[in-house]
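Colleague: To start, I am sharing the structure in question, which I have written as structure tokens.
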Amino acid sequence: MPATFSIHRGFTLAVILLSLLAIPALAADTAPLLRTPDIHGNLVVFVHGQDIWSVSSAGGQATRLTIDEGDETAPCFSPDGTMIAFSAQYDGNGDVYVMDRDGGDITRVTYHPGGDTVVGWHPVSGKIMFRAARTTMSRANKLYLINADGTGLEELIMYEAANGSFNADGSQLAYNRITREARTWKRYQGGMAQDVWVYDFAAGTDTRLTDFIGTDRLPMWIGETLYFVSDREKTLNVFAVAPTGGSIRKVTDHNHFDARHASAGPDQIVYEHGGNIRVLDPATGVTRKIDITIGADVPDSRPVVISVADRISLVDLVDDGETALITARGEVFSVPVEGGRTINLSRHDGARDHQAVFSPDGNLVAYLSDRDGEYGIWLQDAQGSSPAYQLTQHTSGYRHTLRWSPDGTKIAFTDETLRLYYADAKSGAITEVAKANYENVDVGLHNKPISDYQWSPDSRYLLQGVFSLDPFQVLIGMNTYDTTVGGPN
């Protein structure tokens, strides 16, 4: 216990002084991050710094409409453009609120312990549409309608729905069953891939309009055309299709940044693009960036002095027990157990350095860093007297769970594909040792996920298994991999 206290105390004092080095000052010309826009006529609302702002669609100085320590998100204009519905945490919980277009008369609309996220408005009844998981037994959402004064709550009939847009008379709704807009997955094609559906309330029919294997999200009904965002050509762009189906037409042609969080007004579409906001005239296909100036004080952009002692993610000890290797807030620190000087080994504020481990002789430190764009293994002398150097290079994916071999010649690691590898500690050459077939631990002793493993004392074998707390049953199941030939033994 005394040694643990000494590490924590020394580390706290050190990082208070060191943390300024890890937080760069915001450049004067740094562009603000502008998100989740909506448009009505010549006025655009958007989120910046978790507050809602408005600006002319021609660009210029933005006006802050909300200010609160909680999040204000998902602003949506009413059909006549006089009100803005949004989600906020003024009273702690995430609920629906409404205000006038100038930011006045903010009123709470929903009161429910779950989270309510604004999606849009009904074009005829003038009710606010929002999504919530109030009546489901899972994370599935349903869509609801409610008056701006909090009365007239309706649950829409679709059993699962997350985003949607009504046609002009409100008789049909184009929608997604699943929402993934907050995710950063690129070119996703798994079980949460989104399709566009159209529900006809009079006929009671539910029609799947798109069936692309990837993302078709955020349908927007303008006139007799449905617009939606898709990555069917790798980058998220705006596409168009008739509400009855048929050929799909590409509207925008971005090939670098995605078109994200698109939203439609009466005759225009706005969306995020590389941190900026663009407005699209769907009739002509012309899209342009809105030049927006944020002139207000932004406290979170200023450098601050913080302690990262309570943000420790991993601790490793050198064999003599005198020095701890601590990973905290994307930096790697060498910390003496009793007295001495704390050293920030990685000192790279533009990357996340983590999962640091000592070599068996304590002279080298291996850790993962994404400073070249992808997570690779980097090595550095344990005293921090020379710069770190990159041992492995990768073009995609992420690696984790570094394990040095006892002789210090190899470093084992695994990745998101459930494969087990080791890298030569001098050349960086990578050898694949094994691959698991399942990520679930309940699929049998010989199909366990590869998530933890140890080297044999002679550095020849990698042992991977499920350990028991019963002293009379040392192992429940064990796979042994001979690293000289690969495969289980």
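The values are calculated or read from the model by the stated rules, or taken from the named source; none is laboratory data. Here the structure is a predicted model, which means the values were calculated and not measured. Neighbour counts are summed over all protein chains in view; Cβ atoms, including those assigned to glycine, are modelled from backbone coordinates with ideal geometry. Calculation scope for accessible area: heavy atoms of the full protein, side chains included, ligands and nucleic acids excluded. Shrake-Rupley method; radii C 1.70, N 1.55, O 1.52, S 1.80 Å.
Colleague: Restricted to the stretch 250-280, and to residues that are farther than 18 Å from G81 by Cβ and among the acidic types (D, E), which residue is surrounded by the fewest Cβ atoms within 10 Å (Cβ to Cβ)?
Modeller: Among those that are farther than 18 Å from G81 by Cβ and among the acidic types (D, E), it is D253.
Colleague: Just give me the residues in the stretch 208-231 being open to solvent by 40 Å² or more (accessible area, probe 1.4 Å) and hydrophobic (A, V, I, L, M, F, W, C), in sequence order.
Modeller: F212, I213
Colleague: Looking at the structure I just gave you, is T235 open to solvent by 10 Å² or more (accessible area, probe 1.4 Å), among the β-branched types (V, I, T) and within 27 Å of Y144 (Cβ to Cβ)?
Modeller: No, not satisfied.
Colleague: Which residue is farthest from P266 (Cα to Cα), if the candidates are limited to the stretch 93-105 and must be open to solvent by less than 60 Å² (accessible area, probe 1.4 Å) and assigned to a loop (DSSP other than H, G, I, E, B)? Before you say what the answer is, go through the steps one by one.
Modeller: Taking the stretch 93-105 as the starting set, the residues that turn out to be open to solvent by less than 60 Å² (accessible area, probe 1.4 Å) are 93-100, 103-104.
In the following step, the residues that additionally are assigned to a loop (DSSP other than H, G, I, E, B) were identified as 93-94, 103-104.
Details: N93: 31, G94: 28, G103: 21, G104: 23 Å.
Here the residue is N93.
Colleague: Right, another one. Quick test for you: out of R352, R288, pick the one residue that is among the charged types (D, E, K, R), more than 30 Å from S78 (Cβ to Cβ), open to solvent by 10 Å² or more (accessible area, probe 1.4 Å) and under 28 Å from the mean Cα position of the chain (by Cα).
Modeller: The match here is R352.
Colleague: Given the conditions (1) open to solvent by less than 30 Å² (accessible area, probe 1.4 Å); (2) of a type in the set (V, I, T); (3) over 22 Å from the mean Cα position of the chain (by Cα), and given that T409 satisfies all but one, which numbered condition is not satisfied?
Modeller: (1)
Colleague: Right, next: With the requirement that a residue be open to solvent by 40 Å² or more (accessible area, probe 1.4 Å) and farther than 17 Å from F86 by Cβ, what does the stretch 135-151 give you?
Modeller: Passing the criteria: T135, M137, S138, R139, T151.
Colleague: Tally up the residues in the stretch 52-66 that are closer than 15 Å to A88 by Cβ, crowded, with 18+ Cβ neighbours inside 10 Å and not polar (S, T, N, Q), please. Spell out the reasoning first.
Modeller: Step one: filter the stretch 52-66 for residues closer than 15 Å to A88 by Cβ, giving 52-53, 64-66.
Retained after the next criterion (residues that are crowded, with 18+ Cβ neighbours inside 10 Å): 52-53, 65-66.
Retained after the next criterion (residues that are not polar (S, T, N, Q)): 52-53, 65.
Residues flagged as closer than 15 Å to A88 by Cβ, crowded, with 18+ Cβ neighbours inside 10 Å and not polar (S, T, N, Q) within the stretch 52-66 amount to 3.
Colleague: On to the next question. Note down all Cβ pairs under 8 Å where the first residue falls in the stretch 307-326 and is at positive phi, the second is modelled with pLDDT of 85 or more, and they're at least six residues apart or on different chains.
Modeller: Close Cβ pairs satisfying both conditions: G321/V337.
Colleague: Further, regarding this structure: So, in the stretch 196-215, of the ones that are at pLDDT 95 or above and of a type in the set (D, E), which residue ends up farthest from E233 (Cα to Cα)?
Modeller: D200
Colleague: What's the total number of residues in the stretch 152-204 that are in contact with a Lys or Arg (Cβ under 8 Å, 6 or more places away or on another chain) and open to solvent by 20 Å² or more (accessible area, probe 1.4 Å)?
Modeller: Qualifying residue count for the region: 11.
Results for (1) modelled with pLDDT of 95 or more; (2) under 16 Å from G114 (Cβ atoms), shown as yes or no for each residue.
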| position | (1), (2) |
| --- | --- |
| R139 | no, yes |
| L145 | yes, no |
| L153 | yes, yes |
| S165 | yes, no |
| A168 | yes, no |
| Q172 | yes, no |
| N176 | yes, no |
| Y188 | no, no |
| G191 | no, no |
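Colleague: Shifting gears a bit: I'm told L368 meets every condition in (1) within 22 Å of A429 (Cα to Cα); (2) open to solvent by 20 Å² or more (accessible area, probe 1.4 Å); (3) in contact with an Asp or Glu (Cβ under 8 Å, 6 or more places away or on another chain) except one. Can you identify the failing condition by its number?
Modeller: (2)
Colleague: State all residues of the stretch 161-185 that are among the hydroxyl-bearing types (S, T, Y), assigned to a loop (DSSP other than H, G, I, E, B) and closer than 28 Å to T82 by Cα; if no residue qualifies, say none.
Modeller: Answer for the stretch 161-185, where residues must be among the hydroxyl-bearing types (S, T, Y), assigned to a loop (DSSP other than H, G, I, E, B) and closer than 28 Å to T82 by Cα: S171, T179.
Colleague: Test each condition in (1) over 30 Å from V357 (Cβ atoms); (2) modelled with pLDDT under 90; (3) in a loop (DSSP other than H, G, I, E, B) for D267 and report the one that comes out false.
Modeller: So the condition that D267 fails would be (2).
Colleague: The conditions are (1) open to solvent by less than 10 Å² (accessible area, probe 1.4 Å); (2) touching a Pro at 6+ places or on another chain (Cβ under 9 Å), and E338 fails exactly one of them. Which is it?
Modeller: (1)
Colleague: Could you please give the count of residues in the stretch 245-264 that are under 15 Å from A174 (Cα atoms) and modelled with pLDDT of 95 or more?
Modeller: 3
Colleague: When you go through A74, A58 one by one, which is the residue that is among the small types (G, A, S), in a strand (DSSP E or B) and modelled with pLDDT of 95 or more?
Modeller: On inspection, the qualifying residue turns out to be A74.
Colleague: Pairs please, first residue from the stretch 103-118 and free of Cβ contacts under 8 Å to residues at least 60 places away in the same chain and closer than 16 Å to R131 by Cβ, second anywhere and of a type in the set (S, T, N, Q) and in a loop (DSSP other than H, G, I, E, B), Cβ atoms under 6 Å, 6+ apart in sequence or on different chains.
Modeller: Here the result reads D116/T110, each pair linking the stretch 103-118 to a residue that is of a type in the set (S, T, N, Q) and in a loop (DSSP other than H, G, I, E, B).
Table: residues versus (1) closer than 20 Å to W197 by Cα; (2) in contact with a Pro (Cβ under 9 Å, 6 or more places away or on another chain); (3) not in a loop (DSSP other than H, G, I, E, B).
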{"position": "S125", "(1), (2), (3)": "no, no, no"}
{"position": "M129", "(1), (2), (3)": "yes, no, yes"}
{"position": "T135", "(1), (2), (3)": "no, no, no"}
{"position": "A140", "(1), (2), (3)": "yes, no, no"}
{"position": "L145", "(1), (2), (3)": "yes, no, yes"}
{"position": "D149", "(1), (2), (3)": "no, no, no"}
{"position": "Y159", "(1), (2), (3)": "yes, no, no"}
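Colleague: Also: Are any residues in the stretch 308-322 open to solvent by 40 Å² or more (accessible area, probe 1.4 Å) and either β-branched (V, I, T) or outside any strand (DSSP E or B) (or both), and if so, which ones?
Modeller: Hits for the stretch 308-322 are D310, R311, I312, V315, D319, D320, E322.
Colleague: Can you tell me which residue within the stretch 365-389, out of those that are touching a Leu at 6+ places or on another chain (Cβ under 8 Å), free of Cβ contacts under 8 Å to residues at least 24 places away in the same chain and not hydroxyl-bearing (S, T, Y), is nearest to I343 (Cα to Cα)?
Modeller: The selected residue is D381.
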